[in-house]
Amino acid sequence: MRAVVQRVDGASVAVVTGSGTETVGEFTGEGLCVLVGVTHEDTKEQAARLARKLWSIRMLEGEKSCSEVNAPLLVVSQFTLYGDARKGRRPTWNAAAPGPVAEPLVDEVVACLRALGARVETGRFGADMRLTLTNHGPFTVQLEM
């Protein structure tokens, strides 16, 4: 399981629909935007570990964590984190888990975060999404579970 975590001053995700776009998740103020990729061997235990790490990682202003200041998180599934563009001109997605494997694990990350007390906004799995954020810093960390 792989996550790209960005410290942000607000973030939102909208889903493209037949009649435009619909905002499905957003927050204002300081928090984390988290892009989550899942590979074939990932487990619920890794999802729980990732959730605990996201809730406690000290990435916010003053080296605070979301748990310390009750900051929100926006979690969006992104299979392209397992893209491989080393050969040729087209990335391959062979390392990315298929939807039936990945979706429950991303949902598990969100559920574990909420069980820890986090306010979590999300995208919509498999949808055509538009993510908007204001990166604070910029401050971006990649996590591997």
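The values are calculated or read from the model by the stated rules, or taken from the named source; none is laboratory data. Since the structure is predicted, the reported quantities are computational estimates derived from the model, not experimental observations. Here Cβ is always computed from backbone atoms with ideal geometry, including for glycine, and neighbour counts include all displayed protein chains.
The table below lists the values:
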{"item": "Filter pass, residue 49 being of a type in the set (Lys, Arg) and over 15 Å from residue 5 (Cβ atoms)", "result": "no"}
{"item": "Of all residues making up the range 76-100, the number that are of a type in the set (Phe, Trp, Tyr) and over 30 Å from residue 30 (Cβ atoms)", "result": "1"}
{"item": "Of the criteria (1) under 12 Å from the mean Cα position of the chain (by Cα); (2) in a strand (DSSP E or B), which one residue 130 fails", "result": "(1)"}
{"item": "Residue within the range 53-72 that is touching a residue at least 40 places away in the same chain (Cβ under 8 Å) and on the phi > 0 side of the Ramachandran plot present", "result": "yes"}
{"item": "Any chance residue 12 is touching a strand residue (DSSP E or B) at 6+ places or on another chain (Cβ under 7 Å) and modelled with pLDDT of 95 or more", "result": "yes"}
{"item": "Hey, residue 25 under 16 Å from residue 124 (Cβ atoms) and of a type outside the set (D, E, K, R) or not", "result": "yes"}
{"item": "Hits in the range 61-75 - residues which are closer than 14 Å to residue 28 by Cα and either modelled with pLDDT under 95 or assigned to a strand (DSSP E or B) (or both)", "result": "73, 74"}
{"item": "Any hit, the range 70-82, residues being touching a strand residue (DSSP E or B) at 6+ places or on another chain (Cβ under 6 Å), more than 24 Å from residue 39 (Cβ to Cβ) and of a type in the set (A, V, I, L, M)", "result": "yes"}
